[in-house]
Each structure stands twice: as structure tokens, then as C-alpha cells.
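The values are calculated or read from the model by the stated rules, or taken from the named source; none is laboratory data. Owing to the predicted nature of the structure, the values given are computational and were not obtained by experimental measurement. All Cβ positions, even for glycine, are placed from backbone atoms using ideal geometry, and neighbour counts span all protein chains on display. Quick note on the areas: whole protein, heavy atoms, side chains included, nothing else; ligands and nucleic acids left out. Shrake-Rupley method; radii C 1.70, N 1.55, O 1.52, S 1.80 Å.
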Amino acid sequence: MAGHSKWSNTKHRKAAQDYKKNQKSMKLIRNITSASKKYGNNPNINFCLRAAIIKATNNNISKNSIKKAIQRGSLNFEKKKKIQQIKYAGCNKEGIIILISYISKNILDIQSKIHKIFKKYNFFFIHYLKIKYLFQECIIFLFQKTKKNEEILINLAIENNAYDIDTNSFKKIKIIINTFDAKNIKKEFKKFSLKILKTDTKVIAFKKHQIISLTIEKFKKFLKELKKIPEIQNISHNAFTKI
């Protein structure tokens, strides 16, 4: 009876251990499937997938199981793939931050192109949410330039805390104001019967950062290469330059 009791205890203990091990393995595999489902099957670009694969490998999950988990997620990723607006951020060791927004069906392809340009100019990827607070979304109002308009618009810009007003153009006046104050200043425009020619949105850095090792010419080339990617809509940065 004693022998039977010992075997019974061992069997139950082993079953409990196997159950825990299987649960852990299933969780690691689900993490891989989930990561590839959300961001695609390339671990060189999909950092979540890369981390999930490393963790699974360290816990002795077979390569075949990992491969199948990636394939399952990738199928769902392809089905759900659609045009999306994405924000992509990067910075260098000096603290120059660049924020890119683009629209594309093939997110990973665009990110790969951006990543190559970043690497060339010693920039590295950072998560958009970590630097979001350093930028603000502004509304740009464009007006016909007249002697009467100029004085009124300058006063309205000052009174409504406008980020900037550009009167350097021969024919146009541009007012840049944050989105929170935009509604108030629009009411003021109506009071003075000021006709808005065009409105646009722009993301602007709160504080500018001095370029040190990067020359302005090199930074211009960096921006120029990024602008060659047709899917990119807007590029904002905190570099202190007249670009």
C-alpha cells in the first residue's frame, strides 16, 4: 500500500508540474502570435515579436512551434492590413528629436526605409508616446496680406498667445496657433471680417535644441532623404535651425 501511495503522489505531482509547464509554454506561444498579428512577422522591425521569440527560446520552446505561432499571427496581420496613419519617432545622442507621420498599407516596409535613413545619420527609434509631450499640434491660418490686415492680425496673434506670426511674405500672412486657442481666434477673425485663405495643421516642438555634431547641411540632407519617401506626410523636429 505504501508503494502504491508513493506512486500515486508522484503521478499527481508530475501532472501538476506538467500542467504548469504547458500553461507557461502556451502563454509564450500566444505572445508570439499576438505580436506578429499586430505588427507583422519581421523581428528586425517588430521589436515586440523579437522579445517574445527570445523569451520563448530561453524557455526551450522549439523552433518549429515558434515558426507556426508567427505564421498564425502573420495571416491575421495580412487580413487586417489597411491604410493607417502612423507616427514614428527617433532621436540622436545629442537630443535632436524627429517626429514623422505617414499613411501606408505596408507599415513595415515604410518603417524599414525610415530605419535605414535613421541608421545612416546616427538616429535611433524611440516610442512616439515617450516624446509626445515635447510637441504640440498647431493650426496654421493663411491670410491675404494688406496694410489693414497686418496690424489687426499681429494684435490678434499676441492677444491669443499665437505660437508664431509670419509677415515676411510679400502677399501672405501666416498665423500659427495651438489647437486649444484656435477656436477663440477664429471668432476674432469673424468679428473683423478677416477671410481665411487656407488652414492647415502642423506639429511643433515646445523647445528647440541646438545642433552640435550634425551640421545644418547634413541635417538638411537627412530631412531631404526622408521627404523622398512618398507616404510620409509630415516631419517635425526640435532642431534649432532655419530649415
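The residues packed around A205, meaning those with a beta-carbon under 13 Å from its beta-carbon, carry a net charge of +2 if Lys and Arg are +1 and Asp and Glu are -1. Residues in the chain average 69 Å² of solvent-accessible surface per residue, probe 1.4 Å, ligands and nucleic acids excluded. Only helical runs count toward this figure. For the chain, summing -39,500 (n - 2.57) over DSSP H runs of n ≥ 4 and dividing by all residues gives -17000 deg cm²/dmol at 222 nm. Between K202, K191, K87, the Gaussian network model of the chain with springs among Cα atoms under 10 angstrom shows the greatest mean-square fluctuation at K191. Across the range 104-243 the C-alpha pair distances fall into 10 Å bins from zero in the proportions 10, 33, 30, 20, 7, 0 percent. Annotation: amide H of K208 has no partner in the under-5 Å range at sequence separation 5 or more or interchain, hydrogens built in the peptide plane.
Structural descriptor for the range 112-243: relative contact order 29 percent, calculated from alpha carbon pairs under 8 angstrom and at least 6 residues apart. Taking 23 Å as the limit for the C-alpha separation, the pairs K145/K186; K37/K113; K183/K224; K38/K63 exceed it in the case of K183/K224. Charging the Cβ of each Asp and Glu at -1 and of each Lys and Arg at +1, and nothing else, the dipole of the range 119-243 about its Cα centre rounds to 360 debye. What the phi angles of the range 50-57 give under the Karplus curve with 6.51, -1.76 and 1.60, with θ = phi - 60°, is a coupling list of 4, 5, 5, 5, 4, 5, 5, 4 Hz, glycine and proline written as x. The stretch between E188 and N42 holds 47.4 nm of extra length on full extension. This uses 0.36 nm per residue minus the Cα-Cα distance. Shape index of the chain: Rg/Rh, with Rg the Cα radius of gyration and Rh the Kirkwood radius from the inverse mean 1/r over Cα pairs, equals 1.22.
Give, to the nearest whole percent, the P(r) tail of the range 160-243 beyond 15 angstrom, counting all Cα pairs. Roughly 70 percent, rounded to a whole number.
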